[in-house]
Amino acid sequence: MVTHHPSGPDNAPPKHDDGLIPSLAPSSTQSIDESFKERARQILTHSQTVTAGSVHLIGLDEIRNELGDRWGSVNERVHVYTERMLKKVLSPRDVWFRYGENHYIIVFAQADRKAAQLTCSKVMESLHQALLGHADTRRITVKTAVVDVGGGVALDTARLADLLKDAVHKPEGAAPASPAAADGAIPAAEARHPHWTEMPTDTITPQSRPKVLFRPVFDVKHKVVSTYCCRTDADTARYLNLMDSFDPEREETVFDLDMETLSLAVSTYNELYANKFRYAQTIPVHFGTLASSRRRREYIQACRMIPRVLMPFLAFELDGLPAGVPYGRLAEIVAMLRPFARAAMVILHDDAGDLSVYATAGVKGVGLRLDGREDEPHILERVQTFCPGPRKFGMFAYVDGIRNPVELEAAEAAGAAYLSGPIIGEDSEVPEHMKRCTERQLLQRSRRRRHHDTPWG
């Protein structure tokens, strides 16, 4: 089997020395099914390492139909999405290439037929969710080339709904056939969220994929919780914190997480918007993602898929800005993000920030993320010192990580415009409806939550 899986230019298969991929373009007079069967027959004939059930076809026709007139302007970006996902979810020994105008052939090195079908279908589900805001598992299919009794090639069409049902009811102890299909037992209710990448298999926690949650934010002036910011779950945050900050793999892992966060935030809002649900949403993106030309290009391409109706409700939160970032660099980043959201903000993990540079570059607000391991007097001092700074330069201040009434009172007294943290509300898998409440009501709700969390609650 080949050792890499890039696609060739404009439908041309990648060049490999072992003859796995013969040259055959789909004929205009053939249906895609007949053309695929012929291509699969030649792949099976030319390589002894490829077995029946290894060759699969996925298509973008349904996405094209739903996008309608928009397809002409976005189709190449859709292909970029698709190809990036294939690179992430397939193993280095698997092969994929673009076939015809809207299809891809995928050849698996080791996965069995069911595992390979599920992997292909999950790629399609993530694409549907990210691009259309929904994923009908009954309509998402993958075609598999199988050898019939006469030695010819036939097609087996599998629906994602059926594959998920089989995976959920898999007997206990049944091992997944390949790392790429290790998430096959995800219940259908959870499978609605797109996932852009696999976390490394040797992660220090049982969770193998990054998870994005929604954290409620309290608007101090208007006494309302109507904003949600995306945050990683504790396991993912812990995994990232344990990685060496100088490890090149960390930047790629953070980039994958940024893409995951963007995709889930937009697809969730797209679905809620269709149900007349409105709220403000903050999407974090790390400086390392936007500092690399390749990663920046892919991230901005993903931003171009944001529905225009959602943009007035979104804001980007820049994380990990280095000290002394040049004005020109930051202004360029803010300008790139501005067409896709109402504002760009900066979140700081310490008190040192180039506030005048941020304001001049077009940043609207600056936040401080508190570390709950610090003692309370130090936290209060940080909050009191930080909050007046952004206001001095015409930006608003916000504080993330407020845990008790004393910190809440101190942050408000110091001039924070927005507050988030355990005392405001717990992270959740989806945003909730807007809540008008006073500080007193926030404290009462916080006490009730703590009571319910006790063994006797």
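Observations
- Scope the stretch 435-446; condition surrounded by fewer than 18 Cβ atoms within 10 Å (Cβ to Cβ) and out of contact with any helix residue (DSSP H, G or I) (no Cβ under 8 Å at 6 or more places or on another chain); matching residues: 435, 436, 438, 440, 441, 444, 445
- Residue in the stretch 60-71 that is open to solvent by less than 10 Å² (accessible area, probe 1.4 Å), modelled with pLDDT of 85 or more and not in a helix (DSSP H, G or I) present: yes
- Answer from 432, 426, 409 - the residue that is surrounded by fewer than 19 Cβ atoms within 10 Å (Cβ to Cβ) and not in a loop (DSSP other than H, G, I, E, B): 409
- Evaluation of residue 289 against (1) at pLDDT below 90; (2) part of a helix (DSSP H, G or I); (3) surrounded by 17 or more Cβ atoms within 10 Å (Cβ to Cβ); (4) not hydrophobic (A, V, I, L, M, F, W, C) (one fails), failing number: (1)
- Test for residue 274: is it modelled with pLDDT under 75 and farther than 18 Å from residue 319 by Cβ: no
- Test result for residue 112, closer than 30 Å to residue 428 by Cα, in contact with a Gly (Cβ under 9 Å, 6 or more places away or on another chain), open to solvent by 70 Å² or more (accessible area, probe 1.4 Å) and at pLDDT 60 or above: no
- Test result for residue 296, farther than 16 Å from residue 230 by Cα, open to solvent by 20 Å² or more (accessible area, probe 1.4 Å), at pLDDT 90 or above and assigned to a helix (DSSP H, G or I): yes
- Applying the set (1) at pLDDT 95 or above; (2) open to solvent by 70 Å² or more (accessible area, probe 1.4 Å); (3) touching a Gly at 6+ places or on another chain (Cβ under 7 Å) to residue 364 leaves exactly one unmet item: (3).
- Residue tally, condition in contact with a His (Cβ under 9 Å, 6 or more places away or on another chain) and outside any helix (DSSP H, G or I), over the stretch 248-278: 1
- For the stretch 344-358, the tally of residues that are out of contact with any helix residue (DSSP H, G or I) (no Cβ under 8 Å at 6 or more places or on another chain) and open to solvent by 20 Å² or more (accessible area, probe 1.4 Å) stands at 5.
- The single condition among (1) surrounded by fewer than 23 Cβ atoms within 10 Å (Cβ to Cβ); (2) assigned to a helix (DSSP H, G or I) that residue 126 does not satisfy is (1).
- Just one of the numbered conditions (1) over 24 Å from residue 357 (Cβ atoms); (2) at pLDDT 95 or above; (3) surrounded by fewer than 19 Cβ atoms within 10 Å (Cβ to Cβ) is not true of residue 394: (1).
- Cβ separations smaller than 7 Å between residues 6+ apart or across chains give no pair from the stretch 348-374 residues that are in contact (Cβ under 8 Å) with a residue 60 or more places away in the chain to residues that are surrounded by fewer than 17 Cβ atoms within 10 Å (Cβ to Cβ) and among the aromatic types (Phe, Trp, Tyr).
- Filter result for residue 35 (modelled with pLDDT of 85 or more and either over 21 Å from residue 90 (Cα atoms) or part of a loop (DSSP other than H, G, I, E, B) (or both)): yes
- Test for residue 330: is it more than 26 Å from residue 84 (Cα to Cα) and either open to solvent by less than 20 Å² (accessible area, probe 1.4 Å) or in a strand (DSSP E or B) (or both): yes
The values are calculated or read from the model by the stated rules, or taken from the named source; none is laboratory data. Keep in mind it's a predicted model, so treat the numbers as computed, not measured. FYI the Cβ positions are ideal-geometry reconstructions off the backbone, even for glycines, and counts take in every protein chain you see. Side chains included, ligands, DNA and RNA excluded: accessible areas come from the protein's heavy atoms. Shrake-Rupley method; radii C 1.70, N 1.55, O 1.52, S 1.80 Å.
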